[in-house]
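Trainee: Below are the C-alpha cells for one structure; questions will follow.
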Amino acid sequence: MVAVRVGCFAEFGDATVMRVEHRADPGRPRASQLLVAVEASSVNGTDLGLRRGDLPPVTWGRMPFVPGFDLAGRVLAVGPAVTAFSPGDRVAALLPHRGGGLAEQVLVEQDRAARVPDEVSAADAAALTLAGLTALQALHRQGRLRERTGPGGRPARVLVSGAAGGIGSFAVQLAALEGAEVTGTTSRGKVAWVRDLGTHRVLDRRAEDLDAQLADAGPFELVLDAAGRSRHRELAPHLAPGGTVVSVRPLHPDVLRSLRPGRADFTAVRTAARSADLAHLVHLVATGRLRVPVEHVVRLDDVAHAHHLAEAEGRGKVVVDLTA
Ligand SMILES: NC(=O)c1ccc[n+]([C@@H]2O[C@H](COP(=O)([O-])OP(=O)(O)OC[C@H]3O[C@@H](n4cnc5c(N)ncnc54)[C@H](OP(=O)(O)O)[C@@H]3O)[C@@H](O)[C@H]2O)c1
C-alpha cells in the first residue's frame with residue numbers, strides 16, 4: 001500500500017480549513033472501475049458550499065471530507081469488466097456525490113469517464129467536467145434549447161444569470177454555439193470578461209435599471225440560473241410564452257407552487273455522468289469551439305489558496321494541480 005496525498009477539510013469554515021493529508025491508496029480497481037493517477041481537479045461552487053457547510057450533508061460521517069467532483073489524469077489500472085479504457089489512457093471523469101476527486105489516485109466507474117486527446121490539457125479537461133456537463137445538460141436536456149426559437153423563427157434568446165461562474169461561463173458559450181442570442185448577468189467588474197466569451201449582451205446584475213435592461217434584451221425563451229442565486233419571481237416576467245427557467249439548485253416547493261400557475265415552467269438540473277456528453281465537450285475544446293476559462297492553476301499544497309481564489313473571484317475556473 002502506498003500513501004497518496006488528498007486535499008480535505010475536517011470542519012466547516014472559510015478557505016483556511018482546507019489542508020493536505022496522506023491516505024492509503026485506493027487499492028486495485030474492481031469490476032468496471034478505473035484507477036486514475038489524477039493530474040488535475042477543479043474547484044466548483046459545490047466544493048465551496050460543502051466546505052462552508054451550506055449544502056446538503058454529503059459530508060456527514062465522512063470528515064475529514066475530500067471534495068473534488070471532477071478530475072483529469074491517466075489510467076493506471078482497470079478492473080476486469082472494463083471494456084472502454086486501458087492503462088495509459090488520458091481521461092476526464094465526473095465523481096459521484098461523495099466527491100473525492102481531490103486526491104492523487106482515485107477509483108472511478110468507467111461510465112463516468114471520457115477519453116481526453118493530447119491537445120487538451122489536464123487542467124482544461126478537469127475544469128470542463130462538472131461545470132461544462134451541468135451547463136450542457138441544463139441547456140439541452142432540461143432547457144431543450146434546440147427545440148426553441150423566437151417568434152418568426154428568430155434565434156432563441158437565452159439569459160444566463162451568474163454568467164461569470166464555472167457553469168455560467170460554459171453556458172454562455174454553449175448557447176451561442178447553438179445559435180442563440182445570449183444575454184449574461186454578472187457583477188460589474190466581470191462584464192467585459194463575460195463579453196469576451198462571446199456573449200452578445202452582458203448586464204451588471206446590480207444595475208438599478210436591470211429590470212428595464214432585461215425587458216429590452218428579452219423576452220427570453222430560456223433562462224438559466226447558473227449561480228442558483230436568482231430571485232425567480234423577478235425573472236418570470238422576462239420569460240417568453242412557453243419559456244423555461246432552469247436552475248442549478250432545486251427550487252423549494254413553496255416557490256414552485258407560487259410560480260407554476262403563471263405561464264412559466266421552472267425546472268432544476270441534476271448533473272448526470274454521461275460519458276457521451278463529456279466526450280462531446282472534450283471534442284468541442286479539442287476543435288477550438290469551446291474555451292475553458294481557467295484563471296488559476298494552483299498546486300495541491302496550496303489548496304486553501306485555490307479555494308480562496310475561487311471564492312474571492314468567482315470568475316471562470318480554478319484548478320488544483322496534483323502533479324506538483
Ligand atoms: N444541480 C447540479 O447538479 C449542480 C451541479 C454543479 C453545481 N451546482 C451548483 O451550482 C452553483 C454554481 O456553481 P459554479 O461551480 O458555477 O460556481 P462558481 O464558479 O463559484 O460561480 C458562482 C457565480 O455566482 C455568481 N453570483 C454570486 N452571487 C450571486 C447572486 N446573488 N446572484 C447571481 N449570481 C451570483 C458569481 O459571480 P457574480 O457575483 O459576478 O455574479 C459567480 O460567478 C453552486 O451553487 C453549485 O452548488 C449544481
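Trainee: Counting Lys +1, Arg +1, Asp -1, Glu -1, what net charge surrounds residue 8 among other residues with beta carbon under 12 Å of its beta carbon?
Mentor: For residues surrounding residue 8, the net value is +2.
Trainee: Give me the net charge for the shell around residue 207: Cβ to Cβ below 14 angstrom, other residues only, Lys and Arg +1, Asp and Glu -1.
Mentor: Combined, the nearby Lys, Arg, Asp and Glu give -1.
Trainee: To continue, here is another question. Would you please put 96-106, 39-49, 164-174 in order of how densely packed they are, using the mean number of other Cβ atoms within 10 angstrom per residue and starting with the highest?
Mentor: So the peptides 96-106, 39-49, 164-174, ranked by packing, come out 164-174, 39-49, 96-106.
Trainee: So what is the relative contact order of the chain, in percent, for Cα pairs below 8 Å that sit 6 or more residues apart? Present the calculation step by step, with values, prior to reporting the outcome.
Mentor: Details: 771 pairs, mean separation 63.9, N = 324.
Normalised by residue count, the contact order of the chain is 20 percent.
Trainee: A further question on this structure: Given 0.36 nm per residue, what is the gain on full extension from residue 2 to residue 52 after removing their alpha carbon distance, in nm?
Mentor: Computed gain between residue 2 and residue 52 is 14.9 nm.
Trainee: Net charge within 12 Å of residue 86 by Cβ-Cβ distance, Lys/Arg positive one each and Asp/Glu negative one each, not counting residue 86 itself?
Mentor: Its environment carries a net charge of +2.
Trainee: Just to be sure I understand the model, the point goes 7 Å from the Cα along the line to the Cβ. What's the resulting residue 265 to residue 144 distance in nm?
Mentor: Those two pseudo-labels are separated by 0.4 nm.
Trainee: Only residues of segment 144-171 count here: report those whose backbone N is under 18 Å from the spot 7 Å along Cα→Cβ of residue 289, or say none.
Mentor: So the set is 144-148, 156, 170-171.
Trainee: So if we plug the beta-carbon distance of residue 279 and residue 323 into 1/(1 + (r/R0)^6) with R0 = 25 Å, what FRET efficiency do we get, rounded to 0.05?
Mentor: Efficiency, rounded to the nearest 0.05: 0.60.
Trainee: Before rounding to the nearest 500, sum -39500 (n - 2.57) across all DSSP H runs of length at least 4 in the chain and divide by the residue total; then give [θ] at 222 nm in deg cm²/dmol. Let's see the in-between values first.
Mentor: Values: 9 runs with 84 residues, N = 324.
Only helices count here, giving -7500 deg cm²/dmol.
Taken together, the values in this text are just the output of simple stated rules run on the coordinates, not laboratory data. Fair warning: this is a prediction, and the values are worked out from it, not measured in the lab. No Cβ is skipped: glycine too gets one built from the backbone with ideal geometry, and neighbour counts run over all protein chains shown.
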